[in-house]
Amino acid sequence: MVGPPSRRAELIFTGDPGLEVARSHYADQKERIGEAGRDPAAVRICPMAYAVVGESEAHAKDREALFLNDLVHPMASLTLLSELMNYDFAQHDLDDPVTGELIASASGIRGLVQNLRTHIGGDTVTVRDLAGHRATLLQGPRFVGTGEQVADQMADWFESGACDGFVLAATHLPGAFEDVVRMVVPELQRRGLFRTGYDGASLREHLGLQRPACTPVGA
């Protein structure tokens, strides 16, 4: 993609962890899209989200602890950060502090470490702190509960100006997506928030995204 998202993007994937942050980000992006002379409604903004569904709220919380904490290796977040920031953390000792200079020297998504450093808090955050944090905290929201509760949480985001939809990530395979289809989708459909059929033959057509005009080569 050439140019800023406000000028070129049609589908923007985000990783806002909380509702208020997502609302602010959504409003800012839509404003920038309008300022670029485009229709903000024609660009979809979709956070990545985990949906942990259980037969009861307690069951869902137990599954969240297992799938998004207990079974995540503590080095996973550091590996993920290295990839996303385009920065080799292997050059540091685990007790090295995460400084502003370290963040500035990365060429990838610097805000991830900055936000995580703020989330951890304290006077000094070390590489060990980053490694000990779960990789899933770098992602978007977690919707946890029964099918109805998860539908409530998703509807709150969608209806309050935080997103145009979601990109679901799997907490475990197989089973994660099947749980959502079985327990969440019917509730969203009952509320008129999830389609019951698909039109067209492509993702672009399903989402109602217009196909941009092509300029012939050499024109």
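As a calculated quantity, the FRET efficiency between His119 and Met48 at R0 = 22 Å, using C-beta atoms, amounts to about 0.80.
When only Cα pairs below 8 angstrom with a gap of at least 6 residues are kept, the chain shows a relative contact order of 29 percent. The fewest-to-most ranking of Lys30, Lys61 by surrounding Cβ atoms within 10 Å reads Lys61, Lys30. Residue ranges 84-91, 150-157 sort as 150-157, 84-91 when ordered by packing (mean number of other C-beta atoms within 10 Å per residue, highest first).
Full extension of the chain between Val167 and Glu83 yields a length gain of 28.2 nm, computed as 0.36 nm times the residue separation minus the alpha carbon distance.
Taking a ≥ b ≥ c as the square roots of the eigenvalues of the Cα gyration tensor of the stretch 76-133, is the shape rounded (a/c under 1.5), prolate (a/b larger than b/c) or oblate? Intermediate values should be presented prior to the final figure.
Details: a/c = 1.34, a/b = 1.20, b/c = 1.11.
Verdict is rounded for the stretch 76-133.
Take the chain, drop everything but the C-alpha atoms, weight them equally and run the Debye formula without solvent; then report log10 I(q)/I(0) at 0.13, 0.17, 0.18 Å⁻¹ to two decimals. Debye curve over Cα of the chain, log10 I(q)/I(0) at q = 0.13, 0.17, 0.18 Å⁻¹: -0.91, -1.30, -1.36.
By how many nm would the segment from Asp62 to Leu193 grow when fully extended, if each residue of separation counts as 0.36 nm and the alpha-carbon distance is taken off?
Numbers: separation 131, 0.36 × 131 = 47.16 nm, distance 2.75 nm.
Length difference between fully extended and current span is 44.4 nm.
Given a Förster distance of 25 Å, report the FRET efficiency between Cys214 and Arg32 from their Cβ-Cβ distance, rounded to the nearest 0.05. Intermediate values should be presented prior to the final figure.
Working: r = 25 Å, r/R0 = 0.99.
Using R0 = 25 Å, I get an efficiency of 0.50.
Taking the centroid of alpha carbons for each part, the stretch 22-101 and the stretch 169-219 are 21 Å apart.
Taking GluC sites (Glu not before Pro) as exposed when their DSSP state is a loop state and no more than 16 other Cβ atoms lie within 10 Å, the longest site-free interval of the chain runs over 56-219.
Evaluate the relative contact order of the stretch 76-133 (contact order divided by residue number), counting alpha-carbon pairs under 8 angstrom at least 6 apart; express in whole percent. Could you put the intermediate results ahead of the total?
On the way: 57 pairs, mean separation 26.7, N = 58.
Relative contact order, the stretch 76-133: 46 percent.
Here's the picture: a label point sits 7 Å out from the Cα of Arg8 along the beta-carbon direction, and within the stretch 148-184 nothing has its amide nitrogen under 20 Å of it.
All of the numbers you see were taken from the coordinates with simple rules; none came from a lab. The structure presented is a predicted model; accordingly, all values stated were derived computationally and were not measured. Every residue, glycine as well, gets a Cβ built from its backbone with ideal geometry; the counts of neighbours run over all protein chains shown.
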